[in-house]
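Chemist: Here it is: the structure, laid out below.
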Amino acid sequence: METVKKQETKQPMQGPEKPQKKVESISPWKEAYWQLRKNKLAIVGLCIVLFFILIAALAPFITTHTVSGMNAADRLTGPSSDYWFGTDYSGRDIFTRIVYGAQISLIVGFFAVTGAMFFGSLLGIVAGYYGRWVDMLISRVFDIMLAFPSILLAIAIVAMLGPSLQNALIAIAIINIPIFGRLVRSKVISIRQEEYILAAKAQGMKSSRILIHHVLPNSTAPIIVQATLGFGVAILEAAALGFLGLGAQAPTPEWGRMLSDSRQYIQSAPWTVLFPGLSIMLVVLGFNMIGDGLRDALDPKMKS
Amino acid sequence: MKKPVLEVNQLQTHFFTDRGEVPAVDNVSFEIHSGEVLGVVGESGCGKSVTSLSVMGLIPKPPGKIVGGEILFRPQQDEGEKEENLVKVSKKRMRQIRGNQIAMIFQEPMTSLDPLYKIGYQIIEGVRNHRAVSKKEGRQIAIDMLKLVGIPRAEEIVDEYPHQLSGGMRQRVMIAIAMACDPEVLIADEPTTALDVTIQAQILELMKKLNREKGTAIMMITHDLGVVAEMCDRVVVMYAGKVVEQGDVRTILKSPKHPYTQGLIRSLPKMGKRESRLYSIPGNVPKPGSIKNGCRFAARCPAVFDRCYQENPELIEMKEGHACRCFLYDSKEAEVSHV
């Protein structure tokens, strides 16, 4: 038995290694990217979102009219070569307003999600890492916030702060905090049990370093997925608040606002509501498709 | 003779659970000399791992707590022979010792590396934690360490991710990380359990080599007597949180005294001998803390007698360096000539 063992120990270690092709180092992120590229739906979603980002960025160059330039003579005209998406009740070009509305929606989505992600992750990490009464306190606050229908809570917050686009954004960020918070908390708790965290401790690392360099990076996958999905939700919520008159105010070309302003013309001039509605739907669909694709790519275990 | 590099005296680590206080490690004492390999043997749940985590100061608290005893650490590299009690030192000092002077490797190489970082980075991270090393030097150290632990293509492997390596390779990397700071004591908690037999042999060979070349003392936690025979100089046998027998590896394997050690050795398959069934010690390991009075092995012991259920046996010195916790060898019993 001894001799057999000896042979086996020597064989794979020593001896000239065959010249091998250099193995490329594949980071887990790179692998997730490959996975994502294979997912057709996610690519379609990505294209939709990129399209909206592009038109938002190039707004001044692709529009032929001004945002609030009214033309009373052309009230409620249907789509034509002059007005691609028609005009609304005060003769404003709907295409132009949709394009500038894309800017607003994307900005609202971005800042609401960033804010919610930042504060939610912070609270989630604190709750998950310190545990005990800190966790108890934070988790119960999250539970209370989640007990309200989210749009109701948003309405309450906007009612308190006063209706404006900025306050709508703040409200949307706040109502999304517990969603990120709970996600991060549960992830932190499960990562803390991982053996590589114990191994890092055994190397004498400070817990703050372990938290920032090992726990947090390993928790990012679900945060990214939730952020992408949350982007769509935030745009939808902004539109809902705008529709209710609690978000963007009158001349602002916000999609939800445009819908509510035009809703009495839904039968006589359907294009006035069709295009804003379609835009909201497309953008949200795009983000959801990317989000689902990312989830499949980043967290294969969640696929069922 | 030089004083041992690590000396554990009457260590008591208890866990405070809903069902009361559980003494996972109960008055355990042992010592490791510089350059020595000490085997800690026992079944699952006998307190081996808790003992090693106690030494590292990594007992999760709550619920665990070291309630008594001392862990004396005497670094031998600086000749001052300072003595530190690891139970008492500050958290900050413990962090400096951990990973730098006392390192540890774990059972599961598959999950012991952070999946998001390159191998090289994980080695350097440990080193930079204790020493001021530039990134470039660190990379060289990482490559040297990988070569030391016998990883081929070290220059390429430093830039690979854990998921690109096999279990045996990852355990080598874990050893490289542990050895990168040149520790005085390496605690190996069942380092080969998760690996297949040929890889096991390679890893043991590697650890033996490091022990010989670097003089690192190794505390080898295992339930595998084959590993003990291969690796260790001395052995501590634990049962239900207590040391039941200790001595040098020859004595323990050739002439075990405690009925539990005898049972363990009898349970091993023997070469060239056909047996229809392997021997096994009857019964189960008692839950820690469930036996209040008497010897903890009494219920499973083939040589049990009345006294075993009433009194706690002490460790009895058999001869130089060999001790056994059993009434069979008590001088009082010898007079009655009981077997």
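Chemist: Can you work out which of the residues in region B:253-264 that are out of contact with any Asp or Glu (no Cβ under 8 Å at 6 or more places or on another chain) and surrounded by 14 or more Cβ atoms within 10 Å (Cβ to Cβ) is farthest from the other protein chains (Cβ to nearest Cβ)?
Modeler: Ranking the candidates gives B:Pro259 first.
Chemist: Can you tell me which condition B:Met174 does not meet? The list is (1) part of a strand (DSSP E or B); (2) at the interface with chain A (Cβ under 10 Å from one of its Cβ atoms), and all the others hold.
Modeler: With (1) part of a strand (DSSP E or B); (2) at the interface with chain A (Cβ under 10 Å from one of its Cβ atoms) applied to B:Met174, the lone miss is (1).
Chemist: While we're on this one: Which of (1) within 13 Å of chain B (Cβ to nearest Cβ); (2) farther than 20 Å from A:Phe119 by Cα is the odd one out, the single condition A:Leu244 does not satisfy?
Modeler: (1) is the only condition that A:Leu244 fails.
Chemist: Just checking, which of B:Leu206, B:Leu165 is more than 9 Å from chain A (Cβ to nearest Cβ), over 18 Å from B:Ser52 (Cα atoms) and surrounded by fewer than 23 Cβ atoms within 10 Å (Cβ to Cβ)? First the steps, then the outcome.
Modeler: Details: B:Leu206 fails: more than 9 Å from chain A (Cβ to nearest Cβ).
Of the residues listed, the single one that is more than 9 Å from chain A (Cβ to nearest Cβ), over 18 Å from B:Ser52 (Cα atoms) and surrounded by fewer than 23 Cβ atoms within 10 Å (Cβ to Cβ) is B:Leu165.
Chemist: Related question: Exactly one of these conditions fails for A:Gly230: (1) within 14 Å of another protein chain (Cβ to nearest Cβ); (2) touching a residue at least 40 places away in the same chain (Cβ under 8 Å); (3) small (Gly, Ala, Ser). Give me its number.
Modeler: So A:Gly230 meets the others, but not (1).
Chemist: Taking into account only those residues within region B:88-99 that are over 21 Å from the mean Cα position of the chain (by Cα) and in a loop (DSSP other than H, G, I, E, B), which is farthest from the other protein chains (Cβ to nearest Cβ)?
Modeler: For region B:88-99, the residue satisfying everything is B:Lys88.
Chemist: For region A:199-218, how many residues meet the condition of being within 7 Å of chain B (Cβ to nearest Cβ) and not small (Gly, Ala, Ser)?
Modeler: The qualifying residues number 7.
Chemist: State which residue is surrounded by the most Cβ atoms within 10 Å (Cβ to Cβ) when the search covers only region B:209-237 and only residues that are among the charged types (D, E, K, R) and within 19 Å of B:Val41 (Cα to Cα).
Modeler: B:Arg234
Chemist: Here's something else I'd like to know. Has region A:176-196 got at least one residue that is surrounded by 22 or more Cβ atoms within 10 Å (Cβ to Cβ), within 30 Å of B:Asp189 (Cα to Cα), within 14 Å of another protein chain (Cβ to nearest Cβ) and more than 24 Å from the chain's Cα centre (by Cα)?
Modeler: Scanning region A:176-196, I find at least one residue that is surrounded by 22 or more Cβ atoms within 10 Å (Cβ to Cβ), within 30 Å of B:Asp189 (Cα to Cα), within 14 Å of another protein chain (Cβ to nearest Cβ) and more than 24 Å from the chain's Cα centre (by Cα), so the answer is yes.
Chemist: Filter region B:299-332 down to residues that are β-branched (Val, Ile, Thr) and under 25 Å from B:Tyr279 (Cα atoms), then give me how many there are. Spell out the reasoning first.
Modeler: Residues of region B:299-332 that are β-branched (Val, Ile, Thr), as a first pass: B:304, B:316.
Subset that is under 25 Å from B:Tyr279 (Cα atoms): B:304.
Count: 1.
Chemist: Return a yes/no flag: does region B:155-162 have any residue that is farther than 19 Å from A:Ile26 by Cα and either in contact with a His (Cβ under 8 Å, 6 or more places away or on another chain) or outside any strand (DSSP E or B) (or both).
Modeler: The answer is no; no qualifying residue exists.
Chemist: Given the condition of a type in the set (Val, Ile, Thr) and more than 13 Å from B:Ile119 (Cβ to Cβ), answer yes or no: does some residue in region B:158-168 qualify?
Modeler: No, there is no match, as no residue in region B:158-168 is of a type in the set (Val, Ile, Thr) and more than 13 Å from B:Ile119 (Cβ to Cβ).
Chemist: Wholly within region A:162-275, which helices (runs of 4 or more DSSP H) include no fewer than the required count, namely at least 3 residues that are of a type in the set (Ser, Thr, Tyr) and on the phi < 0 side of the Ramachandran plot?
Modeler: In region A:162-275, the matching helices (runs of 4 or more DSSP H) lie at A:216-243.
Chemist: Residue by residue through region A:97-116, note down the ones that are more than 17 Å from A:Leu282 (Cβ to Cβ) and crowded, with 23+ Cβ neighbours inside 10 Å.
Modeler: Listed by number, the residues that qualify are A:Ala112, A:Val113, A:Ala116.
Chemist: Tally the residues that are part of a loop (DSSP other than H, G, I, E, B), more than 7 Å from chain A (Cβ to nearest Cβ) and more than 21 Å from B:Met219 (Cα to Cα), restricting the search to region B:100-124.
Modeler: Filtering region B:100-124 down to residues part of a loop (DSSP other than H, G, I, E, B) leaves B:100-101, B:106-118.
Subsequent filtering for residues that are more than 7 Å from chain A (Cβ to nearest Cβ) retains B:101, B:107, B:109-110, B:117.
Then drop every residue that is not more than 21 Å from B:Met219 (Cα to Cα), which leaves B:110, B:117.
Residues meeting the conditions: 2.
Chemist: In addition: In region B:129-144, is there at least one residue being within 9 Å of chain A (Cβ to nearest Cβ) and either farther than 15 Å from A:His213 by Cα or without any contact (Cβ under 8 Å) to a residue 24 or more places away in the chain (or both)?
Modeler: Scanning region B:129-144, I find at least one residue that is within 9 Å of chain A (Cβ to nearest Cβ) and either farther than 15 Å from A:His213 by Cα or without any contact (Cβ under 8 Å) to a residue 24 or more places away in the chain (or both), so the answer is yes.
Each value in this text was obtained by applying a stated rule to the coordinates, not by laboratory testing. This structure is a prediction, so every number in the text was calculated from the model and none was measured. Cβ atoms come from the backbone with ideal geometry, glycine included; neighbour counts cover every protein chain shown.
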